[in-house]
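Input: a single structure, listed below in structure tokens.
Throughout, read-outs are computed from the coordinates displayed, never taken from laboratory work. The structure displayed is predicted, hence computed values, not measured ones. Neighbour counts run over all protein chains shown; Cβ positions are idealised from the backbone, glycine included.
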């Protein structure tokens, strides 16, 4: 079975609070990006294995998130071994969710290959054990996320009149580093009054530049000034809204489609 896991972007990303368990509560809007994809093939095999192509995957097979998804599924259901073939195209460590997407699509493929008949809700429950944004890719439609990113609710938004351009500068920002940067900047300063992200998103794309932000940008711009230049260039080239996605370092610009 062949599937094409897609990337995602975050429209707005509010780091709401630090939690006692060391994680953070966030609010963000996940949106699929259909034009940026990997290729995933899963076939039944006598022995479990995985082969990666494209962008190098410098992790052992057992630590690859796709293979972890397969092993996790085996703990719940009686499924045989498979060989996983993955062509990597989505840049890694860029905030586009490529690894999470690959893992979620692995669960979807296993459900089909072994005729398990699992619902999206059940697949999302399993996906949550792999990573906080993995469940989003099970539904793969605009979703407002809260908690660690695993609490999802459908968000009614039509971006069909717009084009999404993704820019990947090739700078890797670790998630742990990004959150430490937010902690130092956001939580050590006096917070200002601000409407909830959901309300700000509902004001429409034309208003986002003024009031929808990604909290990780301040730290990323301070450490890598070129990232601010990338964002400004997207605006110079006609984007209505431009932002870093996730904890970076990829950026996207949303522009109107002209006839």
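Please report 172, 24 as a ranked list, fewest other C-beta atoms within 10 angstrom at the top and most at the bottom. Walk me through the numbers before you get to the answer.
Working: 172 12, 24 19.
Fewest to most other Cβ atoms nearby, the residues stand as 172, 24.
As a test of the formula, what do you get for the chain when each DSSP H run with n ≥ 4 contributes -39,500 (n - 2.57) and the sum is divided by the residue count, at 222 nm and rounded to the nearest 500 deg cm²/dmol?
Details: 9 runs with 86 residues, N = 259.
That calculation yields -9500 deg cm²/dmol at 222 nm.
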Can you give me the angle between helix 65-76 and the longest principal axis of the chain, using Cα atoms only, in degrees from 0 to 90, rounded to the nearest 10?
60
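If you build the convex hull over the alpha carbons only and average its shadow over all orientations, what do you get for the stretch 2-154? Give it in nm² to one decimal.
Numbers: hull surface 36.1 nm².
Value for the stretch 2-154: 9.0 nm².
If you take the Cα atoms of the stretch 47-100, find Rg, then find the Kirkwood Rh from the mean of 1/r over all pairs, what is Rg/Rh? Write down the numbers at each step before the final one.
Details: Rg = 11.9 Å, Rh = 12.0 Å.
Checking Rg against Rh, the ratio lands at 0.99.
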Rounded to the nearest whole number, the Stokes-Einstein translational diffusion coefficient of the stretch 1-69 at 25 °C and 0.890 mPa s (Kirkwood radius, C-alpha pairs) in µm²/s is 160
Antiparallel bridges, percent of DSSP beta bridges restricted to the chain (to nearest 5):
85
What is the angle, in °, between the Cα long axis of helix 98-113 and the longest principal axis of the Cα atoms in the chain? Nearest 10 is fine, range 0 to 90.
40
Note down, for the stretch 162-256, the three equivalent ellipsoid semi-axes (square root of 5 times each alpha carbon gyration tensor eigenvalue), biggest first, whole angstrom.
21, 19, 10
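Based on the mean of other beta carbon atoms within 10 Å per residue, what is the order of 244-257, 67-80, most packed first? Numbers along the way, then the final one.
On the way: 244-257: 23.3, 67-80: 15.7.
The peptides rank, most packed first, as 244-257, 67-80.
By per-residue mean of other Cβ atoms within 10 Å, what is the highest-first order of 198-204, 7-13?
Numbers: 198-204: 14.7, 7-13: 25.3.
Taking the mean over residues of other Cβ atoms within 10 Å, the ranking is 7-13, 198-204.
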Degrees separating the helix 225-236 axis from the principal Cα axis of the chain, which is the longest one:
80
Mean-square fluctuation check for the chain, GNM, Cα pairs under 10 Å: which of 81, 58, 183 is largest?
58
Residue 116-residue 151 pseudo-label distance in nm [points 7 Å out on the Cα-to-Cβ vector]
2.6
